[in-house]
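First comes the structure, then the notes that go with it.
Please treat every number below as a calculation from the coordinates, not as lab data. Computed from a prediction, not measured in an experiment: that's the story for all the values here. Methodologically, a virtual Cβ is constructed for each residue, glycine included, from the backbone with ideal geometry; neighbour enumeration extends over all protein chains shown.
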């Protein structure tokens, strides 16, 4: 009928249920844009209403569709030669997969939201402006197949879902805005490449690398902080973090049932590739509440802290479970400046420690190494008043490449000559660059002392070689004696040799606290000094040369009883020899 419209309807009856089909109201499976135009225009879609969340969309070659309204679809494909762009601040919500073999231009604020609770993928090469991922929880996977970029002027927002990056795929976030990963979201690199820009990441969800490469941050201080029930897991591959890797998390990350905290079982994790300037916070920093499981691979510290209070490795004891049963802590690499100094504070044993050449390690707390210490050439440990404990697994020589705070090399070696070794065997050493507090000499001594002990070795016998610097020598008396302080008393050690800048001690069976000093010269003066008559009083005074004394013990032959003072008055009636012992 000319000038009028009509609607034809037909009724189908199926299993006693009615379905009404009307022309213009069918269930469309695939929308193909037939001409360039606005997303909101029916003409773009051949006269139909714009697609909805259940509709697949195809943008063919030669067609440009402009998103001018909040837009929706299921799967979308931009074919070679096809284009999607934006008119202002609008969003396109995709409830399935995204495929771009053509052109996509998000303008300055165009948003693509990948939504829905079904697994999906991003295919082809796309640079997004604002990308939002809302895929339910970590049980739903969004796989990157191709090269995906979030532009420098945009951002990535994670609401849910696990972004998986397999081999040959890449995801690059080039912007400079902090990324927060909620407990429902995460990244999994399974052979591809993930890189983030000049920003830090707060991880309450999952970061997992099983192979491939993950680069986090581009500037000093760009860090990854895992907290609450978040998990940072490296099984293999390469991870580089511009600043710090921090953890305060422990517990379980659901619904995957993963242990929270930091877990490294393989691969290589390099920290502070640009720098760490946060005071008292390590490039690897695990708080008392945080969990750490380091069972394999290598954690590398590239640049030392530049903070006012420096710290590079900080592992605090507490509620969070921590262990380093395997793996290697490596301080320095080919990019580390020579003579760099890394600060270590660890409340738990470290399994293996290695270094690059020409770097130093300085302890901020006592350190136990449960397997191996293997430093490269010209690399030393500065104990700074702390002790170091090494595992003993055989009768061998254990070398400690030590230096003092002024950079003087003062190595110590301990040879385990005899004894029964057990899995719990160790040697522990401390050296202090000060005068021993019980050394009363005012000159002629070493301004350094050592403490050496063993444990878990039945009937030990060991030999010690300890070096000292010229600056440790106080006075000009070359006749120093190697002596041990035990139970409040100095005892000269046997089987020793004091050479130029070296102390050798052989045949040690117990713990030592030793140094080298000159025996004090003690004289006794009498007043009056002339010959006295029998029974006349005379005052005897003990004089200590080059030293001081805290106690005096007098004796005589024939014997007598005397005050424990520096001077005593006696009245001998026969020839008597007086002696004094000074401590």
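Using the Cβ-Cβ distance between residue 280 and residue 561 with R0 set to 45 Å, the FRET efficiency from 1/(1 + (r/R0)^6) comes to roughly 0.15. Judged by the mean number of other Cβ atoms found within 10 Å, the most tightly packed of the peptides 407-413, 328-334 leads the ranking 328-334, 407-413. Shape descriptor for the chain: Rg over Rh equals 1.29 (Cα atoms; Rh from the Kirkwood inverse mean 1/r). Could you check what % of the DSSP bridge pairs in segment 200-382 are antiparallel, to the nearest 5? Expressed as a percentage, antiparallel bridges in segment 200-382 total about 5.
Residue separation of residue 395 and residue 424 scaled by 0.36 nm, minus their Cα-Cα distance, works out to 9.0 nm of gained length. The slack in the chain from residue 413 to residue 372, taken as 0.36 nm per residue of separation less the alpha-carbon distance, amounts to 13.3 nm. When the label point is put 7 Å from the Cα of residue 32 along its Cα-to-beta-carbon vector, which residues of segment 96-117 have a backbone N closer than 20 Å? Counting only backbone N, you get 97-103. Legend: calculated FRET efficiency, residue 323 to residue 288, from the Cβ-Cβ distance at R0 = 22 Å, rounded to 0.05, equals 0.90. For segment 266-309, the residues whose backbone nitrogen is under 11 Å from a point 7 Å from the Cα of residue 235, taken along Cα to Cβ, are 266. For segment 237-281 and segment 287-316, what is the centre-to-centre distance using only Cα atoms, to the nearest Å? For segment 237-281 versus segment 287-316, the Cα centre distance is 9 Å.
At R0 = 25 Å, how high is the FRET efficiency between residue 384 and residue 210 if r is their beta carbon distance? Nearest 0.05 is fine. List each step's numbers first, then the result.
Details: r = 39 Å, r/R0 = 1.58.
The calculated FRET efficiency here is 0.05.
Return, ordered by residue number, the residues of segment 41-66 whose backbone nitrogen is under 12 Å from a label point located 7 Å along Cα→Cβ of residue 85. Counting only backbone N, you get 64-66.
For segment 39-74 and segment 179-197, write down the distance between their C-alpha centroids in whole Å. Measuring centre to centre over Cα atoms gives 31 Å. The packing ranking of peptides 507-519, 303-315, highest mean first, is 303-315, 507-519, where packing means the average number of other beta carbon atoms within 10 angstrom of each residue. Across all Cα pairs in segment 386-519, the calculated P(r) in 10 Å bins from zero up to the longest distance comes to 12, 45, 33, 9, 1 percent per bin.
Taking the Kirkwood radius as the inverse of the mean 1/r across Cα pairs, report the Rg/Rh of segment 524-582.
Working: Rg = 11.6 Å, Rh = 12.0 Å.
Ratio of gyration radius to Kirkwood radius for segment 524-582: 0.96.
Protection proxy ranking, highest mean first, for peptides 259-267, 68-76: 259-267, 68-76, where packing is the per-residue count of other beta-carbon atoms within 10 Å, averaged. Here the gap between residue 533 and residue 486, fully extended at 0.36 nm per residue and compared with their Cα-Cα distance, gives a gain of 12.5 nm. In plain terms, the bigger the Kirkwood radius, the slower the diffusion; for segment 348-445, with that radius from Cα pairs, at 25 °C and 0.890 mPa s, Stokes-Einstein puts D at 166 µm²/s.
Short to long, the 5 Å bins of the Cα pair-distance histogram for segment 273-330 hold 5, 20, 22, 24, 19, 9, 0 percent of all pairs. With Cα atoms as the point set, the radius of gyration and Dmax of segment 200-382 evaluate to 14.9, 49 Å.
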